[in-house]
Amino acid sequence: LAVYGLELFNRGEYFEAHEILEEAWNQDHSSGREMYRAILQIAVAYLQIERGNYQGALKMFLRVRQWIQPLPDLCRGVDIAQLRQDAQRVHAQLKRVGKDHLTDFDRSLFKPVKYQENR
């Protein structure tokens, strides 16, 4: 389920990735489950940018910090360190372009999540 959610994220299907990763998060009762929550929140932030919802994207980036910061750099085969850097770049660019110029946002900053499928 989680791998499928990551595949959707990496294809830019952020709404669907959010749904699947939320399901994975709900089914997992271990301490590592917060990784799914972090990734799904980033998916929602990217979706909000695509939809032109500046405040919604900012809200998601502020919210995701509490879940992504405590994670180890490599969690369940997912390169969390790279994901943090990618999300920080997107957040910084979001603040740079501002609410009135969100259509100018460089969506090439939306990078895929790097992971090893065997984990």
field: Normalised contact order of the range 16-65, rounded percent, pairs of Cα under 8 Å and 6 or more residues apart
entry: 33
- request: Quick one: divide the alpha-carbon radius of gyration of the range 1-44 by 2.2 N^0.38 Å and tell me what you get.
  value: 0.98
query: Taking H as built 1.01 Å from N, whose amide H comes closer than 5 Å to the amide H of V78, not counting residues under 5 places away?
result: Q116
query: Rounded to the nearest whole Å³, what is the per residue volume of the convex hull around the Cα atoms of the chain?
result: 87
- prompt: Share of the range 60-107's accessible area from carbon and sulfur, percent, 1.4 Å?
  reply: 47
- prompt: What percent do you get for the relative contact order of the chain when only Cα pairs under 8 Å and 6+ apart count?
  reply: 23
task: Determine the distance separating the Cα centre of the range 26-50 from the Cα centre of the range 59-119; give it in Å without decimals.
output: 11
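The values are calculated or read from the model by the stated rules, or taken from the named source; none is laboratory data. Predicted, not measured: the structure shown is a model, and the values here were computed from it. The accessibility values were calculated without ligands, DNA or RNA, using every heavy atom of the protein model including side chains. Shrake-Rupley method; radii C 1.70, N 1.55, O 1.52, S 1.80 Å.
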